[in-house]
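Structure first, commentary second.
Each value in this text was obtained by applying a stated rule to the coordinates, not by laboratory testing. Keep in mind the model is a prediction, meaning the values are calculated, not measured. Positions of Cβ are backbone-derived with ideal geometry, glycine not excepted, and every protein chain shown enters the neighbour counts.
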Amino acid sequence: MAKYDFEFKKKVVLAYLKGEGGRNFLAEKYGIASSQHIIEWVNNYNKFGDDGLKRSRKKESYSFE
């Protein structure tokens, strides 16, 4: 299970984008281990929307060619 679920990430990202605080303030407020997570979430959200905040670790299998 992911440490931070989709709803939590979205709440933090929207707070950041609304200007409710900087990354360090929000990391402390929400108990996030590293403020770098917030920057990654914001970048992913800006690029991919909601899908950027959803965990997608699929095991890739490659055929030998």
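I'd like the Karplus ³J(HN,Hα) series for segment 21-28: coefficients 6.51, -1.76, 1.60, θ = phi - 60°, whole numbers in Hz, and an x wherever there's a Gly or Pro.
x, x, 5, 5, 4, 5, 4, 5
Only residues of segment 1-41 count here: report those whose backbone N is under 19 Å from the spot 7 Å along Cα→Cβ of F48, or say none.
The answer is 1-14, 36-41.
Whole-Hz Karplus ³J(HN,Hα) for segment 35-40, in order, using 6.51 cos²θ - 1.76 cosθ + 1.60 and θ = phi - 60°, x for Gly and Pro?
Computed from phi, the couplings for segment 35-40 are 5, 4, 4, 4, 4, 4 Hz.
Normalise the Cα radius of gyration of segment 6-53 by 2.2 N^0.38 Å (N = residues in it) and let me know the number. Before the final figure, lay out the partial values.
Numbers: Rg = 9.5 Å, N = 48, 2.2 N^0.38 = 9.6 Å.
That works out to 1.00 for segment 6-53.
At a 10 Å Cβ-Cβ cut-off, how would you order R55, R23, fewest neighbours first? Show your work: numbers first, answer last.
Numbers: R55 11, R23 18.
In order of increasing Cβ crowding within 10 Å: R55, R23.
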